[in-house]
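Reading through the structure tokens given below for one structure.
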Amino acid sequence: MSFILPLLVWWGYKEVQNQLVHPQAVLVLGGSTRRLEREKFTANFATKHPNIPIWISGGSPPRYTKEVFTKSGVDPTRLHLDYEAVDTVTNFTTLVDDLQARGIKSVYLITSDFHMRRACVIGEIVLGSRGIEFKAISVPSEQGSEPIEKSIRDGARAILWVATGYTGAHKAKKNH
């Protein structure tokens, strides 16, 4: 009980805080399919939030991404495309300092529903280490949730990054 009560209090605090957060930017985790689900969802979302910049970490090639946003009426100058990340942990670690340097204290975090638990674990650690809050927005999919082991593994990698600056990621060549 002494372990569960603080956990419940923390969870309640995070839920209330999530309702009060007014994000200043959108952070999209790349990785959608050829149908560009995450990009299309975010382009639609961005039309309802016209004054905030959009960071996309990884994802589809720039030409296709920009085309999706332009077709939705979103000014492509709002886009900040980053292809440095090689996995979910580095989606966060490659951008968090740039977000912080721009004075961003809160973001909408957009990724697929099946990927959201892991993204939230990493986001709490990496974004939280820089005082950045987030409000999770799920892109609907037909996939089941990822195994909890992925969240645990990548949560540990995020803690490693906060402590040492090392993510444990293997560098992969990106063709973007």
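For region 142-171, the set of residues classified as surrounded by 15 or more Cβ atoms within 10 Å (Cβ to Cβ), of a type in the set (Asp, Glu) and not in a loop (DSSP other than H, G, I, E, B) consists of 154 only.
Which residue is most open to solvent (accessible area, probe 1.4 Å), if the candidates are limited to region 88-141 and must be among the charged types (D, E, K, R) and part of a helix (DSSP H, G or I)? Within region 88-141, the match that is most open to solvent (accessible area, probe 1.4 Å) is 117. Might you let me know whether region 145-157 holds any residue that is touching a Gly at 6+ places or on another chain (Cβ under 7 Å) and of a type in the set (Lys, Arg)? Checked against the condition, which is being touching a Gly at 6+ places or on another chain (Cβ under 7 Å) and of a type in the set (Lys, Arg), region 145-157 yields at least one hit.
Being without any contact (Cβ under 8 Å) to a residue 40 or more places away in the chain, in a loop (DSSP other than H, G, I, E, B) and not basic (Lys, Arg) is the filter here, so list the residues in region 23-40 that pass it. Hits for region 23-40 are 33, 36.
Look at region 122-133: where a residue is free of Cβ contacts under 8 Å to residues at least 60 places away in the same chain and closer than 19 Å to residue 85 by Cα and a partner is of a type in the set (Ser, Thr, Tyr) and part of a helix (DSSP H, G or I), sitting 6+ places away or on another chain with Cβ atoms under 7 Å, you get 122/88; 126/93.
The values are calculated or read from the model by the stated rules, or taken from the named source; none is laboratory data. Source: prediction; values computed, not measured. Ideal geometry is used to build each Cβ from the backbone, glycine not excepted, and the neighbour counts take in all protein chains shown. The area values use the complete protein model at the heavy-atom level, side chains included, leaving out ligands, DNA and RNA. Shrake-Rupley method; radii C 1.70, N 1.55, O 1.52, S 1.80 Å.
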